[in-house]
Amino acid sequence: MRLSNIPLRLATGAFILNSGLGKRDLPPEAAAGLQDMASKALPRLGKMRPETFGQTLSAAEIGVGALLLAPFVSPVVAGSALTAFSSGLLAMYWKMPGMHEGGSFRPTQQGTPIAKDVWLLGAGLSLIIGGMSR
């Protein structure tokens, strides 16, 4: 791992790991709300039981966070996981009504909390590009 990757991997990894750990015991109503938002981007997610969706989301976030924090995981692998994760968030942002201004990527007030996750995409792509250029 390059020294320059450490701050990027620590910041993103700790943030996502914490988010996943916080979702371990998600109440069914909260899991159903997250599932409803996610199913706008990926409709097949709506077919899961809310409890299963919540557990799967928690495990996925914990996994991505752990990959980013593990120094023995290559930047390309960690960056690919982060890019895939952030792409899902941004797909949800793009497909949910009211998240962005019509015909524009500019977020509405309601969409800003999700649109800000574009930094995760930039971090993931930076890790991939940096890892491939070695």
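Can you sort T108, T12 by 1.4 Å-probe accessible area, starting with the largest?
Working: T108 40, T12 0 Å².
Heavy-atom accessible area, descending, gives T108, T12.
Residue farthest toward the positive end of the dipole of the chain, with Cβ of Lys/Arg at +1 and Asp/Glu at -1: which of P71, A41, A115?
P71
Pulled fully out, how much extra length does the chain show between E51 and S4, if you take 0.36 nm times their separation in residues and subtract their Cα-Cα distance? Let's see the in-between values first.
On the way: separation 47, 0.36 × 47 = 16.92 nm, distance 3.88 nm.
Going from the current span to full extension adds 13.0 nm.
Work out the length of the dipole vector of the chain about its Cα centre, built from +1 on the beta-carbon of each Lys and Arg and -1 on the beta-carbon of each Asp and Glu, and round it to the nearest 20 debye. Mind dumping the intermediate values first?
Numbers: 12 positive and 7 negative charges, 64 e Å.
Dipole about the Cα centre, nearest 20: 300 debye.
Out of [x] 8; [y] 17; [z] 20, which label holds the value of percent of Cα pairs over 28 Å apart that was computed here?
Computed from these coordinates, percent of Cα pairs over 28 Å apart corresponds to label [z].
Starting at the first residue of the range 90-101, write each ³J(HN,Hα) from the Karplus equation 6.51 cos²θ - 1.76 cosθ + 1.60 with θ = phi - 60°, in whole Hz, x for Gly and Pro.
Result, ordered by residue: 6, 5, 4, 4, 5, 8, 7, x, x, 7, 9, 5 Hz.
Ordering F105, F85 by accessible area with a probe of 1.4 Å, largest first, what comes out?
Details: F105 155, F85 40 Å².
In descending accessible area the options line up as F105, F85.
Report relative contact order for the chain in percent, whole number only (criteria: Cα-Cα under 8 Å, sequence separation at least 6). Mind dumping the intermediate values first?
Numbers: 177 pairs, mean separation 36.8, N = 134.
Over the chain, the number comes to 27 percent.
Picking from S80, A14, I129, whose Cα lies most toward the positive end of the charge dipole for the chain (charges on Cβ: Lys, Arg +1; Asp, Glu -1)?
I129
As an exercise, identify the trypsin sites (Lys or Arg not before Pro) in the range 1-77 lying in DSSP coil whose Cβ has no more than 11 other Cβ atoms within 10 Å. It would help to have the intermediate numbers written out before the result.
Working: sites: R2, R9, K23, R24, K40, R44, K47; in loops: R2, K23, R24.
Answer in residue order: no site qualifies.
If amide H atoms are built 1.01 Å from N in the plane of the peptide, which residues on other chains or at least 5 residues away come under 5 Å of the amide H of M96?
Result for M96 returns nothing.
Which order do you get for V76, V118, V64 if you rank them by accessible area with a 1.4 Å probe, largest at the top?
V118, V76, V64
To make sure I understand the rule: partners must be lysines, Cα under 21 Å from the Cα of K47, and not fewer than 8 residues away in the same chain. Which ones qualify?
K23, K95
The values are calculated or read from the model by the stated rules, or taken from the named source; none is laboratory data. Everything quoted here is computed from the prediction, not taken from an experiment. Counting neighbours? That spans all protein chains shown, and the Cβs are built from the backbone with ideal geometry, glycine included. Just so you know, the surface numbers come from the protein's heavy atoms only, side chains and all, with ligands and any DNA or RNA stripped out. Shrake-Rupley method; radii C 1.70, N 1.55, O 1.52, S 1.80 Å.
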